[in-house]
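Participant: Dumping the structure here so I can ask a few things about it.
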Amino acid sequence: MPSASSSALPYVAGSAIADDTASRLVRAAIEVFTEKGYDGAGVAEIARRAGLTTGAIYSRFTGKAELLSAAIGASGLGELDRLFAQEDYRGRVTDLLATVGSHLLDPDPGSNRALLLEAFTAARRDPEVASVLRTHLAMRANQLAQLIDRSKADGLVDAGLDTAAVVHFAHAVGLGFVLFSAVDAEQPDPAAWEHLLGHLIESVVSPDNGAAATDPPVLSSSSHSSDPDHHLGARS
């Protein structure tokens, strides 16, 4: 089973401790998994794309599933990591949800919804891939849950709401957009989407927090990042 604390995490894009060989393998894996699916992707092809041998893969990863874990981490979690770390969002989960939600209609080119879709498809048949996805989802869920609980303690979010239910809803919305993108489904009008988001987010505000309830979440395009991904499930 892939370890979220071992070889996968050091190769996430932007990591200061990434090694060039591993980064090349992860980039090649993203390409091959996206093009051929998890089942159709072979380690030999991934190594060839990276200009390396299969030995380079097995000296850094336990196998294809752990390489998939690193690929998902590298292509899908960048912006969420930055948002969770920003002071402006600490204790204000409503602003975080507004920013991430507004990006769902306009993901960065660096986001790789196709890779995530291929991973979920493979997970139906491969328990190891399912374990990889559960690990990533659990990690994102834990971060969001901690932020929600802090917001409850600060009186921003309604304490009567179940944290796990809010997290699950956020994941469901984000992953739903992964499915929509697979069939190139028509998107809602951006203004109408942000209007709906504002109402949904306002509904989680604590009834005792009148100031927060009258201060709508910021959904401006200036909050967009040029770095990879914003989906709630995976970038949640």
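Participant: Starting at the first residue of the range 152-167, write each ³J(HN,Hα) from the Karplus equation 6.51 cos²θ - 1.76 cosθ + 1.60 with θ = phi - 60°, in whole Hz, x for Gly and Pro.
Facilitator: For the range 152-167, the Karplus curve yields 5, 4, 7, x, 7, 9, 4, 5, x, 7, 7, 4, 4, 5, 5, 4 Hz.
Participant: Order of 41-52, 159-170 by packing, highest average Cβ count within 10 Å first?
Facilitator: 41-52, 159-170
Participant: Let me ask another. Non-local amide H neighbours of residue 205 (under 5 Å, H modeled in plane, Pro and chain starts lacking H): which ones?
Facilitator: Amide H neighbours of residue 205, under 5 Å, 5+ apart: 158.
Participant: Efficiency by 1/(1 + (r/R0)^6): what FRET value for residue 58 and residue 150, r their Cβ-Cβ distance, R0 = 45 Å, to the nearest 0.05?
Facilitator: For R0 = 45 Å, the calculated efficiency reads 0.60.
Participant: Oh, and also: How far is the Cα center of the range 32-56 from the Cα center of the range 145-197, in Å?
Facilitator: The range 32-56 and the range 145-197 have Cα centres separated by 34 Å.
Participant: For residue 199 paired with residue 21, estimate the spin-label separation in nm (one decimal), with each label point 7 Å from Cα along the Cα-to-Cβ line.
Facilitator: Between residue 199 and residue 21, the simple spin-label model gives 5.6 nm.
Laboratory data are not the source of any read-out in this text; all were calculated from the coordinates shown. Here the structure is a predicted model, which is why all the values come from computation and not from measurement. Don't worry about glycine lacking a Cβ; one is built from the backbone with ideal geometry, like all the others, and counts go over all protein chains shown.
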